[in-house]
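> To start, I am sharing the structure in question, which I have written as structure tokens.
The values are calculated or read from the model by the stated rules, or taken from the named source; none is laboratory data. Fair warning: this is a prediction, and the values are worked out from it, not measured in the lab. All Cβ positions, even for glycine, are placed from backbone atoms using ideal geometry, and neighbour counts span all protein chains on display. Each accessible area value is taken on the protein alone, full model and side chains, heavy atoms only, with ligands, DNA and RNA left out. Shrake-Rupley method; radii C 1.70, N 1.55, O 1.52, S 1.80 Å.
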Amino acid sequence: LFEDLHMIRLTFQENQRLKASLQQYVFLVGETEELRAENARLRKMLDFQKETKDYTIRIADVIARNPDQWNNLLVIDKGLKNGIKQEMAVITPEGMVGYVERVSNFSANVRLITDQNPQRYISAKIAGKPVNGWIEGYDAEKKMLIMNKATLDAPVNVGDLVITSGLGGVYPMGLVLGKVAEVTSDNYGLTKKIYVELSAHTDQIDEVFVVERSFIPPEATSENKLQTGYQRQGG
């Protein structure tokens with residue numbers, strides 16, 4: 001009887017050790033996969049940073065994101081002390097994801113371009129074509145940006161690349177927004193309504209680049225002030 005009890009105790013202790021080892025193994029596997037994914041992201045961002053020469057960019061980590069405002073807002077770990085200012089564009093290697101809305105000394109709030117009620121319009125154009133317009137919202141059902149104000153005869157085709165035009169005087173020209181997925185006319189039939197599939201994935205963002213525009217043309221700034229048809233400013 002005593003031998004049986006002793007064997008039961010040994011078996012129980014071994015079982016506990018095996019469980020602890022298994023839990024540690026699962027934890028290490030998860031940690032390793034997370035490190036691999038992070039290394040891949042950082043390597044991609046480093047390569048992008050080396051290739052980017054048109055403007056100054058600063059890397060920042062996403063430190064907070066509210067589930068209730070998942071498509072609207074996120075918080076990064078860089079602020080005034082790091083040279084971050086309001087209205088700076090925020091991008092990833094895939095494209096633009098938003099802009100700096102509010103800044104404190106050591107953090108900043110980033111308003112995403114997937115916000116259905118944007119506080120700022122983004123001046124945009126079709127790359128390689130004389131077609132300009134404004135990103136004026138986001139269609140949550142289609143999961144696409146809405147570009148308006150392009151003329152009816154504008155040569156727009158599905159698959160065309162959409163970039164920032166720089167005409168708003170805030171964001172630099174050439175930041176990738178996405179590709180044309182659908183072209184219709186507006187409610188009045190006066191201009192084209194263009195649906196743009198985003199290049200960047202805004203649902204999962206861990207690191208971003210904040211873009212500093214080195215030069216703002218005076219005429220572009222003046223144009224921004226003259227947009228009387230808009231209640232919000234253009235970017």
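> Against the definition (in contact with a helix residue (DSSP H, G or I) (Cβ under 9 Å, 6 or more places away or on another chain), of a type in the set (Gly, Ala, Ser), closer than 15 Å to residue 125 by Cβ and modelled with pLDDT under 85), how does residue 234 come out, yes or no?
yes
> Name the pairs: first residue in region 169-192 and open to solvent by less than 30 Å² (accessible area, probe 1.4 Å), second residue acidic (Asp, Glu) and assigned to a loop (DSSP other than H, G, I, E, B), Cβ to Cβ under 6 Å, at least 6 apart or on different chains?
Every condition considered, the pairs that remain are 170/87; 180/160.
> Let me ask something else. Quick check, is residue 196 open to solvent by less than 10 Å² (accessible area, probe 1.4 Å) and out of contact with any helix residue (DSSP H, G or I) (no Cβ under 7 Å at 6 or more places or on another chain)?
yes
> Keeping to region 79-115, report how many residues are in a loop (DSSP other than H, G, I, E, B) and either closer than 16 Å to residue 173 by Cβ or basic (Lys, Arg) (or both).
Summing the residues that are in a loop (DSSP other than H, G, I, E, B) and either closer than 16 Å to residue 173 by Cβ or basic (Lys, Arg) (or both) in region 79-115 gives 3.
> In region 11-31, is there at least one residue being more than 20 Å from residue 175 (Cα to Cα), at pLDDT below 70, part of a helix (DSSP H, G or I) and open to solvent by less than 70 Å² (accessible area, probe 1.4 Å)?
Within region 11-31, one or more residues are more than 20 Å from residue 175 (Cα to Cα), at pLDDT below 70, part of a helix (DSSP H, G or I) and open to solvent by less than 70 Å² (accessible area, probe 1.4 Å).
> May I ask you to list pairs of residues, at least six apart or on different chains, whose Cβ atoms are under 6 Å apart, with the first in region 53-82 being within 19 Å of residue 201 (Cβ to Cβ) and the second being modelled with pLDDT of 90 or more and small (Gly, Ala, Ser)?
Qualifying pairs under 6 Å: 75/64; 75/107; 76/60; 76/108.
> Okay, next question. Could you run through region 133-161 and say how many residues are farther than 22 Å from residue 189 by Cα and assigned to a strand (DSSP E or B)?
1
> OK, next. Can you pull out the residues in region 199-213 that are among the acidic types (Asp, Glu) and either assigned to a loop (DSSP other than H, G, I, E, B) or surrounded by 16 or more Cβ atoms within 10 Å (Cβ to Cβ) (or both)?
Result: 203, 206, 207.
> Testing residue 162 on (1) more than 19 Å from residue 61 (Cα to Cα); (2) surrounded by 20 or more Cβ atoms within 10 Å (Cβ to Cβ); (3) in contact (Cβ under 8 Å) with a residue 40 or more places away in the chain; (4) among the hydrophobic types (A, V, I, L, M, F, W, C), one condition comes back false. Which one is that?
(3)
> Let me ask something else. Sort through 130, 118 and tell me the only one that's of a type outside the set (D, E, K, R), buried (at least 20 other Cβ atoms within 10 Å of the Cβ) and in a loop (DSSP other than H, G, I, E, B).
It is 118.
> Something else: Can you tell which of 108, 89 is crowded, with 16+ Cβ neighbours inside 10 Å, under 16 Å from the mean Cα position of the chain (by Cα) and at pLDDT 95 or above?
108
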